[in-house]
Amino acid sequence: MSKLIAILAGDGIGPEIVGEAVKVLNILKNNGLDIILEEAPMGGAAIDQTGVPLPDNTLNLCKKADAVLLGAVGGPKWDNLERAIRPEKGLLGLRSGLNLFANLRPALLYPALASASTLKSEVVENLDILIVRELTGDIYFGQPRGIRTLENGERQGFDTMHYCESEIERIARVAFESARRRNKKVCSVDKANVLDTSMLWREIVTKIGKEYPDVELSHQYVDNAAMQLVRAPKQFDVIVTGNLFGDILSDLASMLSGSIGMLPSASLDSNNKGMYEPIHGSAPDIAGQNKANPLATILSVAMMLRYSLQLPDLADKIETAVKSVLDQGLRTADIARSGEKVISTSEMGDAVVAALKM
Ligand code: IPM
Ligand code: MG
């Protein structure tokens, strides 16, 4: 049976980078991959069309689909809307509406880009880290939250951080299972010296770790982990952490790999249905200029083939094609060193298609 893939281009550079990923999907389709692509509005684009960032039709399409490919959402045009109808709210609604609790964010350095990182190449050479970020809990979704007025008339903003045991258990299992297929090390990142939520987090991760005696478990406080990621990132294999810390650490880790424009991500439910998106944002400053790097989105397609469509060979092919265009010296602006020739979004997409050798 055909697999249905929902395509949500979103805002800013979203349509451009998703367009290149769709080129790749269409080549696979022409070569026998049985997929149907269906587009839907999401984020600011959906606000403009329907007044809300995640219209019911879009959510229903995503529920029905086997996988979702998302570009990026948000931009200054919608920044002054109230939080409930901001583009980001659509993204959070999709994550919780589809139960996508496990966010996999690999930070992998392609050898050809060793000099594109702001860190010394010996620090990042052969880097291969997987950040497993919990995605449907924590302070992102905790209630109560809001801005209230105190008795003295001053306003106070507040949010609630919490994690249930079951939420910690299932994300810990994803991390340990992932580590088993890699270098068998998990570092759990928390703030257990200060936060009660983190104390429970650490206790439960340690308990689940006992089920995986072949995987080495360590713990780091998030401030130390941030420092270690730039000091000696190769000490890490799998990092497992909560929603907020994972958001911050994954942006930090992206720079180890040369550019945030290189990093794909998968957000999975308990049946490996997933949403796939680059970890970078909508980059409104370069939107519509054919300048953005489409590789993170194309690599997100590879993750989709690997995790949701169970086609690891095709996923390998895409990753090999990306490696080959980088080895050929092709660079979008974000990964070019000064003086290097820069190609456009669509030229980069075409180069990957050409390298695919179907
Ligand atoms: C991310 C983004 C989102 C997040 C925003 C856009 C809501 O930063 O996917 O990392 O904070 O999770
Ligand atoms: Mg983020």
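Could you check, for the range 219-237, whether at least one of its residues is within 11 Å of ligand 2 (Cβ to nearest atom) and among the small types (Gly, Ala, Ser)? No, the range 219-237 has no match at all. Looking only at residues in the range 231-263 that are among the polar types (S, T, N, Q) and within 28 Å of Gly12 (Cα to Cα), the one that is surrounded by the most Cβ atoms within 10 Å (Cβ to Cβ) is Ser257.
Here is a yes/no grid of residues against (1) under 21 Å from Leu37 (Cβ atoms); (2) in the same structural domain as Gly74 (by TED's automatic domain parsing); (3) surrounded by 16 or more Cβ atoms within 10 Å (Cβ to Cβ); (4) of a type outside the set (S, T, N, Q):
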{"site": "Lys291", "(1), (2), (3), (4)": "no, yes, yes, yes"}
{"site": "Ser308", "(1), (2), (3), (4)": "yes, yes, yes, no"}
{"site": "Leu330", "(1), (2), (3), (4)": "no, yes, yes, yes"}
{"site": "Val342", "(1), (2), (3), (4)": "no, yes, no, yes"}
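Checked across the range 263-284, the condition of being part of a helix (DSSP H, G or I), of a type in the set (S, T, N, Q), more than 30 Å from Arg202 (Cα to Cα) and not assigned by TED's automatic domain parsing to the domain that holds Gln220 holds for no residue. Exactly one residue out of Ser324, Ser282 is within 16 Å of ligand 1 (Cβ to nearest atom) and at negative phi, and it is Ser282. Here Asn293 fulfils each of the conditions (1) more than 16 Å from ligand 1 (Cβ to nearest atom); (2) in contact with a Pro (Cβ under 9 Å, 6 or more places away or on another chain); (3) farther than 25 Å from Glu122 by Cα apart from (3). Tell me whether the range 154-177 contains one or more residues that are within 16 Å of ligand 2 (Cβ to nearest atom) and outside the structural domain of Ala45 (by TED's automatic domain parsing). Looking for residues that are within 16 Å of ligand 2 (Cβ to nearest atom) and outside the structural domain of Ala45 (by TED's automatic domain parsing), one finds none in the range 154-177, hence no. If you check Gly258 against the conditions, is it more than 15 Å from ligand 1 (Cβ to nearest atom) and either under 30 Å from Lys64 (Cβ atoms) or modelled with pLDDT under 95 (or both)? So Gly258 fits the description; yes. If only residues of the range 1-50 that are among the acidic types (Asp, Glu) and over 20 Å from Leu91 (Cβ atoms) are counted, the one that is modelled with the lowest pLDDT is Asp34.
Against the condition closer than 24 Å to Met161 by Cβ, more than 18 Å from the chain's Cα centre (by Cα) and either more than 16 Å from ligand 1 (Cβ to nearest atom) or among the acidic types (Asp, Glu) (or both), how does Gln235 come out, does it pass? The answer is no for Gln235. Considering (1) within 16 Å of ligand 1 (Cβ to nearest atom); (2) farther than 21 Å from Gly90 by Cβ; (3) outside any strand (DSSP E or B), say which one Ala302 fails and leave the rest. The one condition Ala302 does not meet is (1).
So that you can scan it fast, the table gives a plain yes or no per residue for (1) closer than 22 Å to Glu319 by Cβ; (2) assigned to a loop (DSSP other than H, G, I, E, B); (3) within 16 Å of ligand 1 (Cβ to nearest atom); (4) touching a residue at least 60 places away in the same chain (Cβ under 8 Å):
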{"site": "Ala9", "(1), (2), (3), (4)": "no, no, yes, yes"}
{"site": "Leu25", "(1), (2), (3), (4)": "yes, no, no, yes"}
{"site": "Leu28", "(1), (2), (3), (4)": "yes, no, no, yes"}
{"site": "Glu38", "(1), (2), (3), (4)": "no, no, no, no"}
{"site": "Met42", "(1), (2), (3), (4)": "no, yes, yes, no"}
{"site": "Gln49", "(1), (2), (3), (4)": "no, no, no, no"}
{"site": "Gly74", "(1), (2), (3), (4)": "no, yes, yes, yes"}
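Asp251 fulfils the conditions (1) within 14 Å of ligand 1 (Cβ to nearest atom); (2) touching a residue at least 40 places away in the same chain (Cβ under 8 Å) except for a single criterion, (2). Here the range 77-108 is the region considered, the condition is being in a loop (DSSP other than H, G, I, E, B) and either within 11 Å of ligand 1 (Cβ to nearest atom) or aliphatic (A, V, I, L, M) (or both), and the residue that is modelled with the lowest pLDDT is Leu81.
Within the range 80-102, the set of residues being away from ligand 2 (no atom under 15 Å from the Cβ) and among the charged types (D, E, K, R) comprises Glu82, Arg83. Listed by first and then second residue, the pairs with beta-carbon distance under 6 Å, at least 6 apart or on different chains, first residue in the range 134-160 and within 8 Å of Asn243 (Cβ to Cβ), second within 16 Å of ligand 2 (Cβ to nearest atom) and not polar (S, T, N, Q), are Glu134/Gly242; Leu135/Arg95; Leu135/Leu100; Thr136/Arg95; Asp138/Gly242; Asp138/Leu244; Ile139/Leu244.
The values are calculated or read from the model by the stated rules, or taken from the named source; none is laboratory data. All values reported here derive from a predicted model rather than from experimental measurement. Heads up, the Cβs are rebuilt from the backbone with ideal geometry, glycines too, and the neighbour counts pull from every protein chain shown.
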